[in-house]
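Student: A single structure is presented below for examination.
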Amino acid sequence: MKISVTFLIIILLLGACSGRAEEASVSSEDRLLLTLINKRLLVAPLVAQSKWNTKAPIDDPVREKIILDSVQVKAEKMGLSAQLASDFFQAQFEAGKMEQRRLHKEWETQNHGLFEPAPDLAAEVRPILDSLTPELLIALKKLNVESGYCRSLKELKKDARKIIDSGFSDEIIAVAVEPVEKYCRKHE
């Protein structure tokens, strides 16, 4: 029985939504943002598999620029700092690429062959990432950093460890959440 890659992606993302008891102490704003960051990171292995099969480079600066330009425009329309949105999404790209590089290195060491079935980056994976973009912008807006939300990066990282999949390193999590803290420091 062949299971579609899209079906596997949906199952993977739904699994990311299941709550854990330790999440109860996390504020609803943080939980929303961190859950969406987690969903985005959970797509990184699928991107890595697709790029592994096609030998495409992990870095895609042209696509990143298109997304960042779009994010800045959308953020301004929402009344959210375009700079914060841009920095935040650049950090999400970097966190995802860190995981992709880790996986490619692991697969190279294992002399791993091609993935079957391989996820189709353009048709199956990118639409999921693209659908998370407006949700992440809304979650970022709900943090209300311009109105004194700001909290320490240490607390946000601690909450992130409760919500973001344990398979992702502390370094990846730090990269993903750092722009919020940086923005807060600049606007205290």
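The values are calculated or read from the model by the stated rules, or taken from the named source; none is laboratory data. In this text the structure is predicted, and so the values were computed from the model without any measurement. Reconstructed Cβ throughout: ideal geometry from the backbone, glycine too, with neighbour counts over all protein chains shown.
Student: So, Val73, is that one buried (at least 19 other Cβ atoms within 10 Å of the Cβ) and not polar (S, T, N, Q) or not?
Tutor: no
Student: Mind listing whichever residues of the stretch 66-82 are farther than 17 Å from Pro127 by Cα and either part of a loop (DSSP other than H, G, I, E, B) or without any contact (Cβ under 8 Å) to a residue 60 or more places away in the chain (or both)?
Tutor: Once the filter is applied, which keeps residues that are farther than 17 Å from Pro127 by Cα and either part of a loop (DSSP other than H, G, I, E, B) or without any contact (Cβ under 8 Å) to a residue 60 or more places away in the chain (or both), the stretch 66-82 yields Asp69, Gln72, Val73, Glu76, Lys77, Gly79, Leu80, Ser81, Ala82.
Student: Give the stretch 124-147 a look and list any residue that's over 22 Å from Lys65 (Cβ atoms) and touching a helix residue (DSSP H, G or I) at 6+ places or on another chain (Cβ under 9 Å), or say none.
Tutor: Within the stretch 124-147, Glu124, Ile138, Ala139, Lys141, Lys142, Leu143, Asn144, Val145, Glu146 meet the criteria.
Student: Now a separate question. Given Cys150, Cys184, which one is outside any loop (DSSP other than H, G, I, E, B), out of contact with any Leu (no Cβ under 6 Å at 6 or more places or on another chain) and at pLDDT below 95?
Tutor: Cys184
Student: Do we have Lys97 as basic (Lys, Arg), part of a helix (DSSP H, G or I), within 14 Å of the chain's Cα centre (by Cα) and surrounded by 16 or more Cβ atoms within 10 Å (Cβ to Cβ) here?
Tutor: So Lys97 passes the test.
Student: Could I ask something else about it? Enumerate the pairs (first residue in the stretch 38-60 and farther than 13 Å from Gln100 by Cβ; second residue anywhere and of a type in the set (Val, Ile, Thr)) with beta-carbon separation below 8 Å, excluding pairs fewer than 6 apart on the same chain, so at least 6 apart or on different chains.
Tutor: What qualifies is Asn38/Ile163; Asn38/Ile164.
Student: Where residues in the stretch 100-138 are hydrophobic (A, V, I, L, M, F, W, C) and farther than 28 Å from Pro179 by Cβ, which of them is farthest from the chain's Cα centre (by Cα)?
Tutor: Leu114
Student: Of the residues that sit in the stretch 2-31 and are closer than 11 Å to Ile164 by Cα and at pLDDT 55 or above, which one is nearest to the chain's Cα centre (by Cα)?
Tutor: The residue in question is Arg31.
Student: Being in a helix (DSSP H, G or I), under 17 Å from the mean Cα position of the chain (by Cα) and either surrounded by fewer than 21 Cβ atoms within 10 Å (Cβ to Cβ) or hydroxyl-bearing (Ser, Thr, Tyr) (or both) narrows it down to one of Asn53, Asn38, so name that one.
Tutor: Criteria check complete, one pass: Asn38.
Student: Follow-up. Take the residues of the stretch 129-138 that are in contact with a Leu (Cβ under 9 Å, 6 or more places away or on another chain) and surrounded by fewer than 20 Cβ atoms within 10 Å (Cβ to Cβ): which is farthest from Leu32 (Cα to Cα)?
Tutor: Leu132
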